[in-house]
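In what follows, a single structure is set out as structure tokens and then discussed.
The values are calculated or read from the model by the stated rules, or taken from the named source; none is laboratory data. Treat the numbers as computed from the prediction; the structure is a model and nothing was measured. Methodologically, a virtual Cβ is constructed for each residue, glycine included, from the backbone with ideal geometry; neighbour enumeration extends over all protein chains shown.
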Amino acid sequence: MLIAIAFLLTILLFLLPFLPGIIELIRKEDAKPLFIPMDYVRNPRYFGKSFKRMLHRATAGYTLTPGIRDVQLSKPEKVEIAHSFNASEKRDVQYMLYVIGNLVSGSNVIFNKEVYATDNIVIGPNNILQALAADVNVTVSEGVQFRRWLDAEGDIDIAANCNLGISASSGGRLYLAGNCNFRRLYAMPILTGHYETAYEHVEANAPSDKLMSSGLSFIRRKDSEISPGTVIDKNVVFPQDVRIGKGSTISGHIKAYGKIVIEADVVITGNILADGDIFVGRNTKIQGHVFSQMSMYISSQSVISQPNKIKSVIGKKSITIEKNVTIYGYVATEGTGRTI
């Protein structure tokens, strides 16, 4: 009898951790799926737009005559209101700036608070800024450092050796010269290299709308190399590293559990997803999203997405972009992003 009781107690103790799950399976009190708002879209220009809204509300009671005002934003702040603003060389600007007109700065100026101008902004060499918002265009000279973010309704032109902080976003085109560091970018389009030659190149080499993905099913390929000039009209998944040969065309999506190396002159109409690194070869055209759990390298003359089609390029560990690359939409990394 004692053995039987001990055996029953052992069974009971074994089943006890599973009891809540068994009850839920029987009663099904929480059987409905978790609600997810499928229409939610993150605003890539959130920082600039929200800052301008707060500043407009905080200054609504003023006539916007020049001077320093006490305003309430997320905390009490002093805002300097100016009709155009010219910061001389090596100046240290202590207050938040609201410029009704143009803003121009000399070299080695430090802006310790956020800056907003209703017209064009020209930032001199080796400036340091907290954050910047513009209603028109922004020109950033060499060696400028942003501690947080920058945003413009118009075009942004970034010279070499700049650090763009957490986010750089534009309602127009975003040009980045070499040796610039970034975390998140957004523009339609993002261009690297000298902006005039880059934009002319994009117009001549935009990918075609005629190449479309054929369904959502995937074929599994065990080969680790696609021969040059191969044409594939299916979505494909690779269980290991894969190299896609020069001049190939894939009308579909690509997944790989290893790294993906894409040689030159390849056209891919779908998304690219890899657990490993992604290398995008010269003059490659990709119409979909590109996502790597590791690092990404994008070679010169490559184009990702098309005008009016926003796509994402994400390399979790790092992203390196050569000159004369065009991307329509987002670029993001949790590590280091840089142009070369």
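If we only count strands (runs of 3 or more DSSP E) wholly inside region 241-301, which ones have 3 or more residues that are at pLDDT 95 or above and farther than 23 Å from residue 332 by Cα?
Here the list reads 242-244.
Is it true that some residue in region 111-119 is among the basic types (Lys, Arg), farther than 26 Å from residue 179 by Cβ and assigned to a strand (DSSP E or B)?
no
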Exercise for review: Determine whether residue 262 is in the same structural domain as residue 220 (by TED's automatic domain parsing), out of contact with any Pro (no Cβ under 9 Å at 6 or more places or on another chain) and buried (at least 19 other Cβ atoms within 10 Å of the Cβ).
Suggested key: yes
Study note, to complete from the structure: Scanning region 51-86 residue by residue, those without any contact (Cβ under 8 Å) to a residue 40 or more places away in the chain, closer than 18 Å to residue 120 by Cα and touching a Phe, Trp or Tyr at 6+ places or on another chain (Cβ under 7 Å) turn out to be 80, 81
